[in-house]
Each structure stands twice: as structure tokens, then as C-alpha cells.
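Okay, structure first, notes after.
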Amino acid sequence: MKKRDARKTILMDHLLQQGRLSTQDVITFLGISLSSVRRLLIELEEEGKLLRVHGGVQVKNLTGDPYVFSEFKEQNPVEKKLIGQYAAENLVSSGDVLYLDSGTTVFQFALALKRCLQDSQVHDIRVVTNSLPNMEVLHDVADVTMIGGRFRDMRRDFAGYATERFLRFFNYQKAFLGADGFDISSGFLGKDTDTARINEVIIKRSSDVYILMDSSKFRHQSFVSYADLDSVKAVITDESIDTDIRQKCEEKALSIIVAQPRLVR
């Protein structure tokens, strides 16, 4: 790989993790001059990979804006609540060791799981997560292990090398992951490489992997693939999933479970 291409890859990896970078940030981690950074940013903007803004750059990707937990939580809230409720009420058994991803649909699963625990529908649940919101919801009703690492403020989670190393210490009966996009050939997609690497570790160490994603994600592309179709036990989605997409998934032996609207608390 040419040095210039390698710099572009490093820069985009940082940008996709953080969402926004100052020009000084780029100068610091690439170790090049201001004029070189400006030329690099102009090239990447012309390639449609980022947007230059006052004082730096922000991400521009196939799915739109950078992932900001507080903003994504407000998108498709009814569908996410249905999906989370179905998964918590039907896919969790007493004594399970669970891994919970840091996405907003999985957060709805955490809220529903708390209700199930409070109502004694299940008990003795052990949860491992890298998500602050998940930990804050579940810490008083379950045995929660919070995975540390590099804190990502916009995602409200932890990621990076230390996170991945820690996750390898455990075995998980069930993992509940989110997705930013989907492709019938590439599988389940995410916005950044750190999250993809975490999910790859989890998939290898989990007996059953469930993807919780609303139907709009089936029509989105995203930056990086983290799971093939055959590594997932089932996808929990909402009733707006396109019939042709569902048929193609089932032809590939991917189980699609539709969470029906009912008794959402």
C-alpha cells in the first residue's frame, strides 16, 4: 500500500470512530505538516468520503451521519421497542450469560430485559457489555460486567485493543448485536472497524448470536462487514421488512423473526 493510501486509511478509521476530527488531531496522529493534511483532506472530500468543516472534518458515509447514541435512539423508536421486547421475552432463559452490544435497539432489549427480571420471568442473568446505557439500566437487577477500554463519547461505549482482549476471557451463551446495514452477500454491516472487531470476537465466543435491527437497516449499506449470514442464529426485526429481502434471507437459511405489534409497555 502506498504511503498516501495508508494515511487515508488511518485517517478514515479515526474519523469513523470519532465522527469529527480537528485539523490538529489529524496532524498529530499522522505526523505530517498542515499543508500535507489539507491536501489529504481535499482529496478525501473530492472522493466523497468526508466533509470539511470549520476547524476540521466530519464523517460522510453511505448511511449518512456519524453514529450518535442520543440521536439514533430517537429513530424508529416503536420498532426498536417491539424488537427489544420480543427478544427479551422469548430468547432469554434463566441462568444465561449474555453479551449486549452498544446499539440503540439493543438498549431497548436491555430495558425490556430489566422488566422481565423485575417480574421474575427470568432470574440469575449474567450480562457482559461495553455500553454505559446498558450497564446503567441493568446493574441493579443482573450481574453486570462492564468492559472498559477507550471511551467513545458519542456512542456511549468502550472499544479498542483493551476491550477486545477483555472480551476474550469469557464465553457467552447468547449475544445480542445491532447492525447499521445489511447486504445479502456481505452480511451484517457496521459503521466503524472497532465495533466490527468487537463483534467478531463475540461471535466466535458465543453459542447463539441474534441480530436486533429494524427493517430499515435491510435497505442500508455501511462501512464494514462483521458477520456472515451463517454465523447468526436469527434476526429479530419489525413487520415492515420487504417481502423480497425476507425471501432472499430465508433462501440463504437465515432465520427472520418478525416482532409483532402488541402490548408494548
Checklist line | Loop sites in the range 123-177: trypsin sites (Lys or Arg not before Pro), DSSP, at most 12 other Cβ within 10 Å | finding: Arg168
Check: Between Ser240 and Ser207, what FRET efficiency comes out of the Förster formula 1/(1 + (r/R0)^6) with R0 = 30 Å and r the beta carbon distance, rounded to 0.05?
Finding: 0.50
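Under 8 Å for C-alpha pairs, at least 6 residues apart: give me the relative contact order for the chain, rounded to a whole percent. Before the final figure, lay out each step's value.
Working: 505 pairs, mean separation 42.2, N = 265.
16 percent.
Give me the percent of DSSP beta bridges within the chain that run antiparallel, rounded to the nearest 5. Please list the in-between numbers first.
Numbers: 18 of 40 bridges.
If I count the DSSP bridges inside the chain, around 45 percent turn out antiparallel.
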Check: Hey, rough spin-label estimate for Ile27 and His139, points 7 angstrom out along Cα→Cβ, what's it come to in nanometres?
Finding: 3.9
Note to self: Just to be sure I understand: if I project the alpha-carbon convex hull of the range 7-51 onto a plane and average over all orientations, what area do I get in nm²?
What the structure shows: 2.7
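Accessible area of the range 160-217 with a 1.4 Å probe: how many percent of it is carbon plus sulfur? Provide the component values of the computation, followed by the final result.
Values: 1020 of 2060 Å².
The value for the range 160-217 is 49 percent carbon and sulfur by accessible area.
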Check: Given Lys49/Lys81; Lys49/Lys233; Lys3/Lys204; Lys114/Lys217; Lys2/Lys49, which pairs have Cα atoms separated by over 23 Å?
Finding: Lys49/Lys81; Lys49/Lys233; Lys3/Lys204; Lys114/Lys217
Notebook entry, point to check: Highest GNM mean-square fluctuation, the chain, Cα pairs closer than 10 Å: which of Asp25, Asp192, Asp228?
Noted result: Asp25
Margin query: When 1/r is averaged over all different Cα pairs and the result inverted, which Kirkwood radius in Å belongs to the range 142-185?
Written below: 12.7
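So what's Rg/Rh here for the chain, counting alpha carbon atoms and using the Kirkwood radius for Rh? Present the calculation step by step, with values, prior to reporting the outcome.
Values: Rg = 19.2 Å, Rh = 19.3 Å.
Rg divided by Rh gives 1.00.
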Check: Near the amide H of Tyr99, under 5 Å away, which other amide H atoms are found, from residues 5 or more places off or on another chain, if H is placed in the peptide plane?
Finding: Val128, Lys174, Ala175, Phe176
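How much accessible area per residue does the chain have, in Å², with a 1.4 Å probe?
I get 47 Å² per residue for this part.
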Check: If we sort 194-200, 116-122 on the protection proxy, mean other Cβ atoms within 10 Å, highest first, what's the order?
Finding: 194-200, 116-122
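Per DSSP H run of n ≥ 4, the term is -39500 (n - 2.57); total these for the chain, divide by its residue number, and report the mean residue ellipticity at 222 nm rounded to 500 deg cm²/dmol.
Details: 10 runs with 106 residues, N = 265.
Only helices count here, giving -12000 deg cm²/dmol.
The values are calculated or read from the model by the stated rules, or taken from the named source; none is laboratory data. Please read these numbers as outputs of a predicted model, since none were measured by experiment. Counting neighbours? That spans all protein chains shown, and the Cβs are built from the backbone with ideal geometry, glycine included. Heads up: the accessible areas ignore ligands, DNA and RNA and are worked out on the full protein's heavy atoms, side chains in. Shrake-Rupley method; radii C 1.70, N 1.55, O 1.52, S 1.80 Å.
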